[in-house]
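Chemist: First the structure, then my questions, so here it is.
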Amino acid sequence: MSIPEITQALLAAKKEKGLTFADLEKILGRDEVWIASVFYRQASASEEEAKLLVEALGLDTIYVRELSEYPVKGLGPIVPTDPLIYRFYEIMQVYGMPIKEVIHEKFGDGIMSAIDFTLNIEKEEDSKGDRVKVIMSGKFLPYKKW
């Protein structure tokens, strides 16, 4: 996966400033995962959010416009090769149908929204090795009958 030039610039500025996405969460008042999605151009910031982000990173104001434009979303039509991203793909390959079945049992025929959606990542300390806790919460959207 190639990383857009703007993403490279944002990540470099973040590193140079010694900031984390959690630090930027405090500045913008938005979740760290959402902010990271703006960096990777999977989400767009409002002009005000983009200004705060650009200011925090010490970047030129020309980035404000690009960060507030509508992004092109998705990784593309290929199977991801980055090991961490691939594991999520693998999880869906193995558990996708069971997840779908359980959601249908609990909610009926429909989908989980990726638009009315939140994603949080937590670190769980464990004596056998720290664990990654991913919490996805999306609005249930039933299929319409007509």
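Chemist: Find, to one decimal place in angstroms, the Kirkwood hydrodynamic radius of the chain, where the mean of 1/r is taken over every pair of different Cα atoms and then inverted.
Modeler: Radius from the Kirkwood sum: 17.7 Å.
Chemist: Follow-up question, since we're still on this one. Counting only pairs 8 or more places apart or on different chains, how many lysine pairs in the chain have C-alpha atoms closer than 16 Å?
Modeler: Taking the chain as the scope, the lysine pair count is 7.
Chemist: A further question follows. Calculated from DSSP H runs of 4 or more alone, at -39500 (n - 2.57) each and per residue, what is the 222 nm mean residue ellipticity of the chain, nearest 500?
Modeler: For the chain, the value works out to -15000 deg cm²/dmol.
Chemist: Under a 5 Å amide H to amide H cut-off, with H placed in plane at 1.01 Å, what residues pair with residue 110 once short-range neighbours are removed?
Modeler: Under 5 Å from the amide H of residue 110: 143.
Chemist: Based on a Kirkwood Rh over C-alpha pairs, give the Stokes-Einstein translational diffusion coefficient of the range 5-67 at 10 °C and viscosity 1.306 mPa s in µm²/s.
Modeler: 142
Chemist: Can you compute the FRET efficiency between residue 25 and residue 93 using 1/(1 + (r/R0)^6), with r the Cβ-Cβ distance and R0 = 41 Å? Round to the nearest 0.05.
Modeler: After rounding to 0.05, the efficiency reads 0.85.
Chemist: If each of residue 137 and residue 12 carries a label point 7 Å out from its Cα toward its Cβ, how far apart are those two points in nm?
Modeler: Result for the modelled spin labels: 3.8 nm.
Chemist: Still on this structure, I have one more. Can you give the local net charge around residue 36? Use residues other than it whose beta-carbon is closer than 13 angstrom to its beta-carbon, Lys and Arg +1, Asp and Glu -1.
Modeler: -1
Chemist: Which ordering of 2, 46, 68 is given by a fewest-first count of other beta-carbon atoms within 10 Å?
Modeler: Final ranking by Cβ density, sparse to dense: 2, 46, 68.
Chemist: State, to one decimal in nm, how far the label point of residue 70 lies from the label point of residue 105, with both points 7 Å from Cα in the Cβ direction.
Modeler: 4.0
Since every read-out is calculated from the coordinates, none of them should be taken as a lab result. Owing to the predicted nature of the structure, the values given are computational and were not obtained by experimental measurement. We place every Cβ from the backbone using ideal geometry, glycine too, and count neighbours over all the protein chains shown.
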